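Structure first, then comments.
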Amino acid sequence: MAEKHATNIVKMKKMKADGVPLSMLTAYDYPSARLAEEAGIDLILVGDSLGNVVLGYDTTLPVTIDDMVYHTRSVVRGAPDTFIVTDMPFMTYHGSVDETLRGVRRLMQEGRAQAVKMEGGLEICDTVSAVVKAGVPVLGHIGLTPQSVNMIGGYRIQGKDPEDARRLINEAKALEAAGAFGIVLELVTEEVAEAITKALSIPTIGIGAGRYCDGQVLVFHDILRYASPYREKRFVKTYADVGSLIREGISTYVKEVKERSFPAENHIFNADEHVLESLYGASGKGAK
């Protein structure tokens, strides 16, 4: 594999200017991060989506700072040469600035993240500004914001009418002014995502936001179909079906154990004759 050098927020802005798309993928543990880095990914997001795909919750809301610190630490060990962004979980950045900075500090010092991501628009701009002033890069996230799923009435496409389109553009510009180094656009109509991308000097990273963002992000478990049952998503492309391979592999293992065809002779270790004598005595050397 070619030597890999981690990107940074300066390089990302230049990639936007040069028209070089950014690739981003979620990862939640050492092996997935290791594989993503070896594949050449530009950025890894330790997303609070781990609540859904790793911890088995229905939403991201139960995910805690402790969860994010634990998983971020594992990802950083697996991908030391990749830029790692970690989600601030639900309600950890809507209180006082001091409270927010305590959470950010844990993700940066204990988790060893290089940046944090926050969902929201105008209402979090002052918080974004405070975190950036403290020396921490912030990735914004607008459009469909899963932490607000109960407020917006489900997983709905954003930017489908003029008023909503203007809101999204205003939020994106405000986040840029607050110091965000980039913005994730989730489930936003392609036309509105393109307009936002053209209006900003910082990169946009789309997930279900069409072809004209400055980069794309998807969930590790989605692109590899690593789930059961797997729910099809229009904005996701399956690149490998490891879920079926894993299920088939385990099923074959169970079958061979039941049939006693595993372990076979090539999987075992034999003792020396004197060990057998100590177990069975000289007269029972052949006993097994």
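Values for this structure:
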{"item": "Separation of the residue 123 and residue 173 label points, Cα + 7 Å toward Cβ, nm", "result": "2.2"}
{"item": "Range in the chain, longest, excluding exposed GluC sites (Glu not before Pro) [loop by DSSP; at most 12 other beta-carbon atoms within 10 Å]", "result": "4-231"}
{"item": "Förster-model FRET efficiency, 45 Å R0, residue 61 and residue 270, C-beta, rounded to 0.05", "result": "0.25"}
{"item": "Length-normalised contact order of the range 31-183 in % [C-alpha pairs under 8 Å, at least 6 apart]", "result": "20"}
{"item": "The chain: angle of helix 162-178 to the longest principal axis, Cα-based, in degrees nearest 10", "result": "80"}
{"item": "Pair residue 230, residue 190: separation of 7 Å Cα→Cβ label points (nm)", "result": "2.4"}
{"item": "Relative contact order (percent, whole number), the chain, Cα cutoff 8 Å, 6+ residue spacing", "result": "14"}
{"item": "DSSP-defined beta bridges in the chain - what % are antiparallel, rounded to 5", "result": "5"}
{"item": "Excluding exposed DSSP-loop chymotrypsin sites (Phe, Trp or Tyr not before Pro) (at most 13 other C-beta within 10 Å), longest clean stretch of the chain", "result": "1-154"}
{"item": "Pairwise FRET efficiency - residue 239 versus residue 199, Cβ, R0 = 35 Å, nearest 0.05", "result": "0.65"}
{"item": "Descending Cα extents along the principal axes, the chain, whole Å", "result": "90, 40, 37"}
{"item": "CD proxy at 222 nm, helix term only [per DSSP H run n ≥ 4: -39500 (n - 2.57); per residue of the chain; nearest 500]", "result": "-11500 deg cm²/dmol"}
{"item": "Listed residue pairs exceeding 31 Å between alpha carbons, taken from 233/258; 16/133; 117/160; 14/237; 233/255", "result": "233/258; 233/255"}
{"item": "Gyration tensor verdict on the range 139-263 (Cα atoms; rounded if a/c is under 1.5, prolate if a/b is larger than b/c, oblate otherwise)", "result": "prolate"}
{"item": "Extension gain, residue 255 back to residue 277 (0.36 nm per residue minus Cα-Cα distance, nm)", "result": "4.4 nm"}
{"item": "Distance cut-off 20 Å, percentage of C-alpha pairs in the range 1-59 lying past it", "result": "37"}
{"item": "Cβ-based charge dipole, the range 1-138, positive-most Cα from 124, 6, 138", "result": "6"}
{"item": "Whole-percent pair-distance distribution, where bins are 10 Å wide, for the alpha carbons of the range 1-150", "result": "11, 41, 37, 10, 0"}
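Bear in mind that the values in this text are calculations on the coordinates, not laboratory data. Small disclaimer: the values here were computed from a predicted structure and weren't measured. Cβ atoms come from the backbone with ideal geometry, glycine included; neighbour counts cover every protein chain shown.
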